[in-house]
């Protein structure tokens, strides 16, 4: 006997068995290709001088048209950006306070409010859009930018609420007791203890809200008015005449912008984690 446990040996062999063509690796590669191949095609054809799908030669002509000859597209993009930032900021503030209030306090109808808060996540967007349209018509609110802002804030709230609530489930409530023992009032405890601790969840909710707002089409279609078209509505209107490769150029710019924002927030969250 050499004193070695054969069971441990088999476990170690299984643990270190990294096969290049294992089933999990193949599935992972297929999923990555499925997700990123369309983006690669969009980026590639943004440099194609031809308007069709036939490759001619590399050119920056569509980026030139994007910058200097697409005023209506930039107007739609500006509307989308304004709505995304304002509605996401509002939803983040309301969703964060709602999550903190529901986690901390007891009041009648708490479970009912929690259940209703998730409805915009599970209801079809067509139903939400129609209900929003009926509501705005009933209360005499003109369709347009403000109506889109209210609608986007409404369907973004549950995502912020869910992410912040998940972060609060891991929150160490002894820090609140320590802050109270040191003389902090409720507002100071909220701003200096709770908010910094749950900031990763708050930022995640904010970024997800921006993404949901920028890509929404169905709800925006029902509540938009004259002069309030967003980028998804503008792209949809172009389909009737053929989508211009300018959209491919704008998509590549937005991909780069998204990667930059994700990188900045990742470093920011690492800084928060290091200082906490």
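Nothing in this text is a laboratory measurement; each read-out follows from the coordinates by a stated rule. Keep in mind that this is a model prediction, so the values were computed, not measured. Cβ placement follows ideal geometry from the backbone for every residue including glycine, while neighbour counts extend to all protein chains displayed.
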inquiry  = For a quick check: sort 267, 106, 180 by the number of other beta carbons within 10 angstrom, fewest at the front.
reply    = 106, 267, 180
task = Multiply the residue gap between residue 211 and residue 29 by 0.36 nm, knock off their C-alpha separation, and tell me the result in nm, one decimal place.
result = 63.0 nm
request  = Send over the per residue convex hull volume for the chain, Cα only, as a whole number of Å³.
outcome  = 250 Å³
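When a footprinting reagent is the concern and you count Cβ atoms within 10 Å, what order do 173, 105 take, fewest first?
Values: 173 11, 105 8.
The fewest-first ordering by Cβ neighbours comes to 105, 173.
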ask   = What ranking, highest mean first, results for peptides 75-81, 65-71, 165-171 when packing means the other Cβ atoms within 10 Å averaged over each residue?
value = 75-81, 165-171, 65-71
request  = Enter the Cα centre distance for the pair segment 100-150 and segment 209-241, rounded to the nearest angstrom.
outcome  = 20 Å
query = Between residue 41 and residue 166, how many nm apart are label points set 7 Å from Cα along the C-beta direction?
reply = 3.1 nm
message = Suppose the Debye formula is applied to equal point scatterers at every Cα of segment 72-172; what is log10 I(q)/I(0) at q = 0.14, 0.18 Å⁻¹?
response = -0.63, -0.95
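Could the peptides 201-209, 37-45, 50-58 be put in order, highest first, of the mean number of other beta-carbon atoms found within 10 Å of their residues? Walk me through the numbers on the way to the answer.
Details: 201-209: 21.4, 37-45: 13.0, 50-58: 10.2.
Answer by packing, highest mean first, reads 201-209, 37-45, 50-58.
Most exposed first by the Cβ proxy, i.e. fewest other Cβ within 10 Å, how do 190, 157 rank?
Values: 190 16, 157 23.
Ascending Cβ contact count within 10 Å gives the list 190, 157.
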